Structures are given as structure tokens and as C-alpha cells.
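Okay, structure first, notes after.
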Amino acid sequence: MYELAIIGGGPAAVAAGVYAGRKQIKTVLITEGFGGQSLVSNDIQNWIGDLNISGIELAKKMEAHVRSQQTVDIKDFELVKTIQKINDGPPVGHFLITTEAGETFESKTVLFTTGSRRRRLGVPGEDEFDGRGVVFCSTCDAPLFRDKIVAIVGGGNAGLEAVVDSIPYASQIYLIIRGNELKGDAITQEKVKTHPKVKILFNTEITKINGEKFLTSIDLVNSQTKETSNLDVGGVFVEIGAVPNSEPVKDLVELNKGREIVVDHKTQLSSQVGLWAAGDVSDVLFKQNNISAGDAVKAILSIYDYLHRNQLTGAHQ
């Protein structure tokens, strides 16, 4: 029986593992691999403490840090399939975690940090040039496209904010919208519509992403006229939303309309006693590595207090 199971391998999971180790919490960390969504980034410039670092380098540093914690057992290359609540103790029981490979783990508490996956365009070239011109985080990557022509896909708040993030850097911005209107905040819409760097292409979709070593152009089609065209760009920001990886706990905790885990942002505790969540899988407003790590640390301190109270009282709450 573990005291804590951490599910995930990104910045939230690693920060949690390091703090759990320092608090001497008997922990199992279960992950497919280390790094999270940033693994594909060639140049991360906003990870505090590093002027710039690649996603692979960051993943290696994080993995080494958490592996140095003696009270943390790491089960990598494991994908969690289900998490069940076992009500066998006063008053809240424990959790049974089952992986896709059929392994099971039992723990008094769970910290769920599985992040999210970006909605993708699903067009030829998107996977090939992921991290080599195709990016999914304007806050992280806009500075990499200084003086370049970029395309941004998405007419909601995420797409509009990506335009705003890119304006100080890009030489020209094409905002590509499937429909015939923008859907984001009115104030941001006005800023985007009136900026001289920005050209909005309505009723337009990307059909292919082209390049050699790096992305060089995109093929487009107008959904109304069926007219096709090719646009030379140095980058494509895909800003059409994300899908939280919350499936294993969907029957255990409260989810919002976006399938994010609803948490108490003071402690990161979910609606299920004994289960916390941090990072992009939670309903945190801003999806950033540094915020994910900080929220996970907050969760561990809350979990430590919870476990310590149990040890003193012999109860679970």
C-alpha cells in the first residue's frame, strides 16, 4: 500500500515527485514517459532557471531529478487505464490503479497529473513538422518566430490570444478561420481585426503542411468557393483547443464542460476525497509548465497534511 500515487510524467508529476520525496511520502509515480507536451519543443525559453532548453533536455533533467528521490518508486512506460475507489476503511478507503498492461497498484491518495493533448488539424505534414514549424503554444513559442510569416489556426480566444502573442515578433500573421466569424472576446477581436500585421482568412482550412527540414508553406482551400492556394509561412500555430486526459477518473470526480477536473485551487483537491489534480488536466486557467509545477507542489503539501492527520488520528479525514 503506497501513501501516494502520482499519475503522469510532465512538469506537474515531476515537481510532485520531488516534493513527495523530500516529505518522505511513500510514493509510486506511474507514467508513459517523461516530458509532457513540451517534449517536442526545440527551444523552450520560459522554463524558470534555464535561458533556453530543448524539450528533450528538459525531460532528461526532470527525470533525473525525480529518480534521485529514494521514497519514490517509478513505473515508467505504463499507461493508467482505470482508477477505482475501494471503500474498505474508515471513512474513505483507498484507490486501486490498473494499467493497460494489467498491473495494479494500491494507494491511500492519488495526484492526477496526466495533462492534456492538443486538438490537431489531422492534415498531411502536421506530425512530420511538429516542433519544426508546427507548434501548439503561442505563449511558449511566439518569440521563436521573430521576423517570420506565421499562420494561426483558430477563431476562438486561444487563436486570438495567439495572434496577440505573435504581434511583437512575427512580420506577418495570417489568422485562418474555418467559419465566417470570430468567436473570441470582443476587445481582443477588435485588436486583431485592426492590426496592420494581421490578415484574416475566413472560410479557410489548411489541407497540407509542406517543407523539407522545416515547414515552408501550407496548402489552403476555401470551403465556399473550393478555391485552393499555397501560402509561404515559417510557422503554424494550431490553436483549436485541447482535450484533457481525464478518462481514467471521469466516473470518480467532478468534470467541467471541457472535461477538466474541477479542483479547489487553494489545495488542488478534487471533488473526490483523497484525489488531487494538477496541471493541464485540471481546470486551471493558464496552461503553462511553471504553473503546473507550482500547482503540483501545492497539492503535495496538502496531501502531506492529509496523510499526517491520518497518522495522528487513525482516520482518513
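The values are calculated or read from the model by the stated rules, or taken from the named source; none is laboratory data. Quick caveat, the model's predicted, so the values are computed rather than measured. Every residue, glycine as well, gets a Cβ built from its backbone with ideal geometry; the counts of neighbours run over all protein chains shown.
Structure above, values below:
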quantity: One residue from Ile167, Ile218, Ile173 being at pLDDT 95 or above, buried (at least 24 other Cβ atoms within 10 Å of the Cβ), touching a strand residue (DSSP E or B) at 6+ places or on another chain (Cβ under 8 Å) and under 24 Å from Gln288 (Cβ atoms); calculated: Ile173
quantity: Which listed residue, of Ile176, Ile152, Ile187, is over 30 Å from Lys250 (Cβ atoms) and within 22 Å of the chain's Cα centre (by Cα); calculated: Ile152
quantity: Given (1) closer than 23 Å to Val281 by Cβ; (2) not assigned by TED's automatic domain parsing to the domain that holds Lys208, index of the condition Asn87 fails; calculated: (1)
quantity: Residues that are surrounded by 13 or more Cβ atoms within 10 Å (Cβ to Cβ), in a loop (DSSP other than H, G, I, E, B) and at pLDDT 90 or above, drawn from segment 176-185; calculated: Ile177, Arg178, Leu182
quantity: Cβ pairs under 7 Å, 6+ apart, first in segment 191-207 and farther than 16 Å from Asp165 by Cα, second surrounded by 14 or more Cβ atoms within 10 Å (Cβ to Cβ) and of a type in the set (Lys, Arg); calculated: Glu205/Arg178
quantity: Only one of Phe129, Phe145 that is of a type in the set (Phe, Trp, Tyr) and either surrounded by fewer than 17 Cβ atoms within 10 Å (Cβ to Cβ) or in contact with a helix residue (DSSP H, G or I) (Cβ under 8 Å, 6 or more places away or on another chain) (or both); calculated: Phe145
quantity: Filter pass, Thr82 being buried (at least 22 other Cβ atoms within 10 Å of the Cβ), in contact with a strand residue (DSSP E or B) (Cβ under 9 Å, 6 or more places away or on another chain) and either of a type in the set (S, T, N, Q) or part of a loop (DSSP other than H, G, I, E, B) (or both); calculated: no
quantity: Test result for Val249, within 13 Å of the chain's Cα centre (by Cα), under 19 Å from Gly10 (Cα atoms) and surrounded by 14 or more Cβ atoms within 10 Å (Cβ to Cβ); calculated: no
quantity: Any chance Leu160 is surrounded by 23 or more Cβ atoms within 10 Å (Cβ to Cβ) and more than 17 Å from the chain's Cα centre (by Cα); calculated: yes
quantity: Number of the exception - Glu239 against (1) closer than 19 Å to Arg120 by Cβ; (2) out of contact with any helix residue (DSSP H, G or I) (no Cβ under 7 Å at 6 or more places or on another chain); (3) acidic (Asp, Glu); calculated: (2)
quantity: Given (1) in contact (Cβ under 8 Å) with a residue 24 or more places away in the chain; (2) assigned to a loop (DSSP other than H, G, I, E, B), index of the condition Asn210 fails; calculated: (2)
quantity: Of all residues in segment 275-299 being polar (S, T, N, Q) and surrounded by fewer than 24 Cβ atoms within 10 Å (Cβ to Cβ), the one that is modelled with the lowest pLDDT; calculated: Gln288
quantity: Any hit, segment 222-233, residues being of a type in the set (Val, Ile, Thr), crowded, with 20+ Cβ neighbours inside 10 Å and in contact with a Ser or Thr (Cβ under 9 Å, 6 or more places away or on another chain); calculated: yes
quantity: Residue in segment 294-301 that is over 25 Å from Asn157 (Cβ atoms) and either without any contact (Cβ under 8 Å) to a residue 24 or more places away in the chain or in contact with a Leu (Cβ under 6 Å, 6 or more places away or on another chain) (or both) present; calculated: yes
quantity: Hits in segment 196-229 - residues which are at positive phi and charged (D, E, K, R); calculated: Lys226
quantity: Segment 300-317 - residue that is in a helix (DSSP H, G or I) and aliphatic (A, V, I, L, M) and, of those, modelled with the lowest pLDDT; calculated: Leu312
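Let's see how each residue does on (1) under 18 Å from the mean Cα position of the chain (by Cα); (2) not in a strand (DSSP E or B):
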| position | (1), (2) |
| --- | --- |
| Glu3 | no, no |
| Val14 | yes, yes |
| Gly17 | yes, yes |
| Ala20 | no, yes |
| Val28 | no, no |
| Ser38 | yes, yes |
| Asp50 | no, yes |
| Glu63 | yes, yes |
| Val66 | no, yes |
